[in-house]
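Input: a single structure, listed below in structure tokens.
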Amino acid sequence: MVKKKTWQEFRKTGLLWFMNTILHAFGWAIVVEVERGEITGAYPARVRFRGFDEVSNTTGYQNVARYMKEEADQLIEEAADSDNEEVELKKPLTIEELRTMSGQPVYYPKEDLYGIIRCDDKGMYEGIPFLLGVYGEGAGVRFEWNIVARKMELYRIGKENYAGE
């Protein structure tokens, strides 16, 4: 999920201050330009100063604490949703799922292999999922294994691990 927010909203939560406390250690900051109370620009910049004065720190901690209190339920719900996605990645795929995954990558931990699913929709091998890939390093050997006959347990690969979607 990506929900675009304004720099003003980000600053109000205290997260701009919080991020800058971290960036200052590396000589960086996110700088916001303010005109008549409105943020008109933002950019990363190299800076010489480190840290903030006591009043800025106190205000920053208060803003972050308020944000966390107000958003706690939503943050917990979002974290739980991402946990469910991770759990899905850790469950072996069923034959029914594999039949719908032609062209998608999977992982076979028993052999530490990645491959692509192929499932014909006609002919002698209709509805039987196969794992296609290369076995070994260097030139390797191409393989096409019948997943059902080999009783293979395959796992979905997270979207961040491939450019399939």
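Could you say which residue among VAL64, VAL106, VAL87 is at pLDDT below 95 and outside any helix (DSSP H, G or I)?
VAL106
Within the stretch 7-16, can one find any residue that is touching a strand residue (DSSP E or B) at 6+ places or on another chain (Cβ under 8 Å), at pLDDT below 95 and in a loop (DSSP other than H, G, I, E, B)?
No, the stretch 7-16 contains no residue that is touching a strand residue (DSSP E or B) at 6+ places or on another chain (Cβ under 8 Å), at pLDDT below 95 and in a loop (DSSP other than H, G, I, E, B).
Please enumerate the residues belonging to the stretch 29-61 that are within 14 Å of ARG11 (Cβ to Cβ) and outside any strand (DSSP E or B).
Correct list: GLY37, PHE52, SER56, THR59, GLY60.
Assess whether GLU144 counts as being surrounded by fewer than 13 Cβ atoms within 10 Å (Cβ to Cβ) and part of a loop (DSSP other than H, G, I, E, B).
no
Give the stretch 87-136 a look and list any residue that's in contact with an Asp or Glu (Cβ under 8 Å, 6 or more places away or on another chain) and of a type in the set (Phe, Trp, Tyr), or say none.
Once the filter is applied, which keeps residues that are in contact with an Asp or Glu (Cβ under 8 Å, 6 or more places away or on another chain) and of a type in the set (Phe, Trp, Tyr), the stretch 87-136 yields TYR108, PHE130, TYR135.
The values are calculated or read from the model by the stated rules, or taken from the named source; none is laboratory data. Computed from a predicted model, the values in this text were never measured in an experiment. Because the Cβ atoms are built from the backbone with ideal geometry, glycine has one as well, and the counts that use them run over all protein chains shown.
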